[in-house]
1. Could you please give the count of residues in region 115-170 that are more than 22 Å from residue 84 (Cα to Cα) and surrounded by fewer than 19 Cβ atoms within 10 Å (Cβ to Cβ)?
2. Among the residues of region 90-97, are any aromatic (Phe, Trp, Tyr) and either open to solvent by 30 Å² or more (accessible area, probe 1.4 Å) or not in a helix (DSSP H, G or I) (or both)?
Amino acid sequence: MEQHRTRPPQHGPRRGTPRAPLPPQTRRRPEGMRRPAQGAPRPAGQGQRMPQPRLTGLGGGLFCGAVMFLLGCLDALLFGGSPAVYGVLFLPVCALTALWVRGGDLMTAPVVVPIAFAVGLLPVAEGGGGTAGQLMGLVTSLATQAGWLYGGTLVAGVIVLVRRVRLIRRRRRT
């Protein structure tokens, strides 16, 4: 019985044959714009830049959810579950999530922040005994704290839109 190939043949240079040299990956910068060497002192007025972590969509969701849950626990422990404190703490977490998510996953940030808000409300929500009471408290807290939820989602959405517009303009220039 004849056996057919399951993969198409790979077109390209075979091993052992010389390759064409690769084009340079970066442009040369003008003399005034070169980066200082590692360990060289920076000129006055040029402080160190903050690190720019880049999270995937899943990483942004996990970051936001974990931070909001920890802040909810902290709020419940220190402030007795104050919804106003929780809402105020939610806004910077939304901004950080929208700033730290990578360019390819920008549209996930406004989606994950409301989910993280609900996750973080679990320790803050006042509920009766049992699962049904806790669920009732969570739904009530979501309804009464909708302003913070919408505000944080709006913050994340605006940051993402600005970053997306800048990314598109940068791609069109190159």
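1. Number satisfying all stated conditions: 15.
2. There is no residue in region 90-97 that is aromatic (Phe, Trp, Tyr) and either open to solvent by 30 Å² or more (accessible area, probe 1.4 Å) or not in a helix (DSSP H, G or I) (or both).
The values are calculated or read from the model by the stated rules, or taken from the named source; none is laboratory data. As the structure is a prediction and not an experimental result, all values here were calculated from the model. FYI the Cβ positions are ideal-geometry reconstructions off the backbone, even for glycines, and counts take in every protein chain you see. In case anyone asks, the SASA skips ligands and DNA or RNA and just uses the protein heavy atoms, side chains included. Shrake-Rupley method; radii C 1.70, N 1.55, O 1.52, S 1.80 Å.
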